[in-house]
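As structure tokens, the structure follows; a few thoughts come after it.
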Amino acid sequence: MIHTNIVLILTLSLLIWGSPFVAKFLRLPIPPVEIILGSIIAYLGLVGHNQYFSLIAEVGFLYLMFLAGMEVDLKQITKSPKRVIQRSILFLFFMVVFSIIFGFIFDLNAIVIISMPLISIGLLASLSKVYGKEESWIRLAFIAGVLGEILSIAALTVFDAYITTGSPIELILKIGYLLLFIFVIYILYRMFNLLFWWYPELKSTLVPKLDTSAQDIRLSMALFFIMIAVMLSLELELALGAFIAGIAISAFFHHEKELEKKMSSLGFGFLVPLFFIHVGASFDLKALTLQGVVPGALLITVLMIIARLFAAIVLRGISGSSKDALLIALSLSMPLTLLVAVATIGYDTKLLDLLTYYQLILASIFEILISMTIIKALQAHKKHKEKELKV
């Protein structure tokens, strides 16, 4: 057992350190490379089932959602023109419609159809770190993504409750908890907004500018774990709690510019890579040899991306260009965590067979590979054009 743990620690250490070099060599984004490497080391037997690895990977996922929340500028969203909000809602609506239509045309499993319109902006935080928040398509993607993320997590919570609860009363109670939680969060937001408006010095007390005790990080981590504890007690989706904790930090302590960099360094340098490696390690490479797994996964991937591309037509008027609308659609085509969550729930409750389960897991990986690679190519082409114009 001790020998196995040593091998696991050494392997993970080398992967965390070496994956950026491999990604640079292959000219691929880092997250899909970490997933692929995780699959390979699991296939080679260097990483097996380990409760500590699974636990820290779960923390990595929640921390990714926390960072995604920190990327959200509530003031920017609330002050966005009505036209932007309306078009973002239209985008989400048409994405759901196209997903359902494609699902019925290709006679997909009901769970697969439910999972197709899901949106998660965890990986959008990675894109924001690489390309910068000042990019117009990233700002617009966050507006549509935040709305989609909240709706997706709410849908996942209801779906989980519907599958796991034994009576309609329990389902209604869980939905009630979710609505009450969102309402309480809104009231707290308004209260703290008013409090900090009357007493602005409180912000400096909680997050001092001259700080030798890392008070800003301590406050952020405390809020992160408090929200997770609240969600655990209410038996609601933990990702929603982590996401809201990140939004709260961004909303009330946006004046502390270095805080986001500090939290981001910890996440993308350690916790988040472990999550991606764990996702890869949880996928059995032998499943690739099963008949129908790869074609089925590719079909789901293509349909999910096409549904978003079709829906993104309504964004052309606000994004400024067709290329920006394309980038927004691709950046919201990677609901990795939520897709894995739905697949796991469906398989555990016998609503999905093993073949469809593997198809969904593999589709979640394909989406990252395809979307991030195309985004990288489009951004590289854009930079090349800008250099030519300067010359």
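Annotations
- Rounded, prolate or oblate (a/c below 1.5 giving rounded, otherwise prolate when a/b exceeds b/c) for the chain by Cα gyration tensor: rounded
- Judged by the gyration tensor of its Cα atoms, with axes a ≥ b ≥ c, the stretch 211-307 is prolate; a/c meets the 1.5 cut and a/b is the larger of a/b and b/c.
- If the segment from Val22 to Lys376 were pulled out straight at 0.36 nm per residue, it would be longer than the present Cα-Cα gap by 125.8 nm.
- Peptides ranked, highest mean first, by Cβ atoms within 10 Å: ranges 220-226, 126-132, 203-209: 126-132, 220-226, 203-209
- Extension gain, Gln86 back to Ile187 (0.36 nm per residue minus Cα-Cα distance, nm): 33.9 nm
- Stokes-Einstein diffusion coefficient of the stretch 23-106, Kirkwood radius over Cα pairs, 20 °C, 1.002 mPa s, in µm²/s: 124 µm²/s
- Protection proxy ranking of 111-124, 365-378, 6-19 - average other beta-carbon atoms within 10 Å, highest first: 111-124, 365-378, 6-19
- From most to least packed by mean Cβ count within 10 Å, the peptides 29-39, 86-96, 284-294 give 29-39, 86-96, 284-294.
- Prolate/oblate/rounded call for the stretch 313-364, Cα gyration tensor, a/c under 1.5 rounded: prolate
- Sulfur and carbon atoms: percent of accessible area, the chain [1.4 Å]: 70 percent
- Its Cα centre serving as origin, the stretch 224-280 has a Cβ charge dipole (Lys and Arg +1, Asp and Glu -1) of approximately 180 debye.
- Sequence-distant contacts, meaning Cα pairs under 8 Å at least 6 residues apart, place the relative contact order of the chain at 32 percent.
- Length released on extending from Tyr43 to Lys209, taking residue separation times 0.36 nm less the Cα-Cα span: 54.9 nm
- Averaging Cα coordinates gives a centre for the stretch 85-118 and one for the stretch 156-197; these two points are 24 Å apart.
- Within the chain: Cβ-based charge dipole about Cα centre, in debye rounded to nearest 20 (Lys, Arg +1; Asp, Glu -1): 1360 debye
- Net dipole in debye of the stretch 20-127 [+1 Lys, Arg Cβ; -1 Asp, Glu Cβ; about Cα centre; nearest 20]: 540 debye
The values are calculated or read from the model by the stated rules, or taken from the named source; none is laboratory data. Keep in mind that this is a model prediction, so the values were computed, not measured. Here the Cβ is made from the backbone with ideal geometry for all residues, glycine too, and neighbour counts use every protein chain on show. The protein model used for the area step is the full one, side chains on, heavy atoms only, and it has no ligands, DNA or RNA in it. Shrake-Rupley method; radii C 1.70, N 1.55, O 1.52, S 1.80 Å.
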